[in-house]
Amino acid sequence: MNPVFYWNAILLECSRRDFTRGFNNAQQPGPIRTSRAMAIVHLAIHDAVAFASGNPGAAWLSKKGIAHGVGPAPGGSVTDIIAGAAVVTLKAMYPRYGIYIDDSTGAVNAGRFAYGQQVGQAILDARAADGSNIDIATSQPANPVYGQHRADPFQPGQNRLGPVWGNVTRFTGAANQPLDPFPGSGLADYLANPDYRDDFDEVRDYGAKLRGKRNAEQERIGVYWGYDGAMNLGVPPRLYNQVARRVVEPLALNIPRAAELFAQLNVAMADSGIDAWHWKYFYDLWRPVVGLREEDATRGGDPFWAPLGAPQTNTAGPMTRTPNFPAYPSGHATFGAALFQTLRLALNTAPGPITLKDVLDVETHNSAPIAKESFSFVSDELDGIASDPDGSTRTRVDKAFDNFAEAVWENSVSRIYLGVHWRFDGIPRRDGENIGGVPLGLAIGSEAHDFFNTAPSLGGVVMP
C-alpha cells in the first residue's frame, strides 16, 4: 500500500477511537480540533517526502518561511522517513493511542525513521503557538437578543464550541476568506428578508422530527452526511478523508502526488474550520431549533417545533440534538466544498474549478456528469452496521455521484433535512452571492491548491 494511504488509515482510526466509548476519548474534540490534527499529520508526511526527494523548497515549512533546521535526508526508502514523520505527529495529536500507533509502525530503518521524526517535530514546533491551545468550550450568553445563537432547548446547559477558534493561525494565507452577511448587517427582523422567510418555511417543513414534507430520499441525504461526533464515526473531517480515499485509491497515485493531495485537502479543511468558526461567532446567528420556537406564532413560529436533529448513531434513547455553535456559515458545507474543490483542482478532472453556479445547477437538474468525477461511497452512517437510537440497524446505501458539484450540493442541503441549519448557512439561492459555507469552502479549496502548487511543488517529483 502507498504509505500515504496507510498512515491516513491509521489517522482515521485514531479519530474514530477518539469518538468511541471504551477508549480514552476527546483528545481532539469537535471538527475544528480534528481538522487541525489531520492537517498537521499530513503536512509532516508531505514535508518528509519533500525533503527525502531532494526538493526542500516544496515543503510547507519552506513555503511558509519557517526556520526548521532539517538537513539533507539519508538515502534509502522514503517509507521509513514517512513513518517517522507520521508517528511523531500522531502521538502528539493522539498520545493515548501510542501503543496502537507503535504497533502500526512495523520494522523500520532507525536512521531514516529518526530523520522523519525530525521533520514531524519541525511541523509540531511550527504550530505550537498557533492559538489553538485554548479552552474551546465556553458558556452561552446570559441574555441573548433576537437572532442570537443560544443553547439547544433540548439540551439545557449546552455550551458554545469554539468561540475564539477563528483566531487560530491559518495554514495557508494570513487572512480569513471573506463572506457576506445574511440577511444583512446586524440582528434585524429577519422575517423582513424574503430569502430568510423562504428558508424559515423550508426548514420548518422539511427538517422537523416528524417527517412532514421531507421524503425518504431527503432523510437519507440528511443522515448520510451526518458524522456529528457520533460514536464509532467521529466528525466531518474524517468523513471527507474517507470520501477522498474512495475517489483517489483507484488512481494509483505515486507517493509524492498522494502526499501533496492529502496535505492539500487536509490543510484546506483545517483552514475551513478556522474561517467558518471566525464567521460563525462574528455573526452569532441562531439555529432553526431556536429561531422557529422563538418566532411569534402569527408569523410562522412554532414554540413546540423539534428538528430531526444530528444523527444519534450507535446511541440508545430518543434524542434530538443541534450542534453547539452558531448556524452561519455551515461547517459541513465549508469543509465539504473545500474538499471537493481540492480534489477537482489536484486531479484536474475538469477545465476549471467548481463554481457556485455548478452547485446551484445540481438542484435545477442542469448538472452534467463528469466521467473523471463519478464515484460511489458508503457512509458509515448508512453502512448496514450503524444503528438508530431505537436499536434498529440502518440499511446499507452505496450512493453514486455523477460529479463533485453534486456531492457539494447534497452535503450542504443535508443539514436542512436534519433541521439543524438554514439553507443560506450552506448555499445561497442565486449565483454571484458570497453567502454560506459552499462559496467559502470553494474559495478555501482554491487557495490551498494555489499554495501547494506554487513552484516548487511535489506534483512532478519522481522519487529516487
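With a Förster radius of 35 Å, plug the Cβ-Cβ distance of Asn366 and Ile66 into 1/(1 + (r/R0)^6) and report the FRET value to the nearest 0.05.
0.20
Which order do the peptides 280-291, 80-91 take when ranked by the mean count of other beta-carbon atoms within 10 Å per residue, highest first?
Descending packing order for the listed peptides: 80-91, 280-291.
Straight-line reach from Lys357: which lysines have Cα under 28 Å away, leaving out those fewer than 8 places along the same chain?
Lys213, Lys280, Lys372, Lys399
Which residues' amide hydrogens lie under 5 Å from the amide hydrogen of Gly234, considering only partners 5 or more residues apart or on another chain, with H built in the peptide plane?
Gly229
Pull up all non-local amide H partners of Ala208: gap of 5 or more, or a different chain, and H-to-H distance under 5 Å with H placed in the peptide plane.
Here the answer is Leu308, since their amide H atoms fall under 5 Å of that of Ala208.
Send over a whole-number figure in Å² for the accessible area per residue of the chain, probe 1.4 Å.
It amounts to 36 Å² per residue over the chain.
Taking 56 Å as R0, compute the FRET efficiency from the Cβ-Cβ separation of Glu249 and Val145 and round it to 0.05.
Computed FRET efficiency for Glu249 and Val145: 0.70.
Using only the C-alpha atoms of the stretch 282-429, find the volume of their convex hull and express it per residue in Å³.
Per residue, the Cα convex hull of the stretch 282-429 comes to 140 Å³.
On a 0 to 90 degree scale, rounded to 10, what angle separates helix 110-127 from the longest Cα axis of the chain?
Taking Cα atoms only, the helix is inclined about 40 degrees.
Would you grab the residues whose amide H sits under 5 Å from the one on Ala137? Only those 5+ places off in sequence or on another chain, please, with H modelled 1.01 Å from N.
So Ala137 has HN proximity to Gly162.
Could you order the peptides 192-199, 352-359 from most to least packed, using the average number of other C-beta atoms within 10 Å per residue?
Ranked by mean Cβ neighbours within 10 Å, highest first: 352-359, 192-199.
Determine, for each peptide in 337-347, 106-116, the mean count of other beta carbons within 10 angstrom over its residues, then list the peptides with the highest first.
337-347, 106-116
Roll a 1.4 angstrom probe over the protein heavy atoms and tell me the percent of accessible area of the stretch 349-450 that is carbon or sulfur.
Of all accessible area on the stretch 349-450, carbon and sulfur atoms account for 51 percent.
The values are calculated or read from the model by the stated rules, or taken from the named source; none is laboratory data. Please read these numbers as outputs of a predicted model, since none were measured by experiment. Don't worry about glycine lacking a Cβ; one is built from the backbone with ideal geometry, like all the others, and counts go over all protein chains shown. Calculation scope for accessible area: heavy atoms of the full protein, side chains included, ligands and nucleic acids excluded. Shrake-Rupley method; radii C 1.70, N 1.55, O 1.52, S 1.80 Å.
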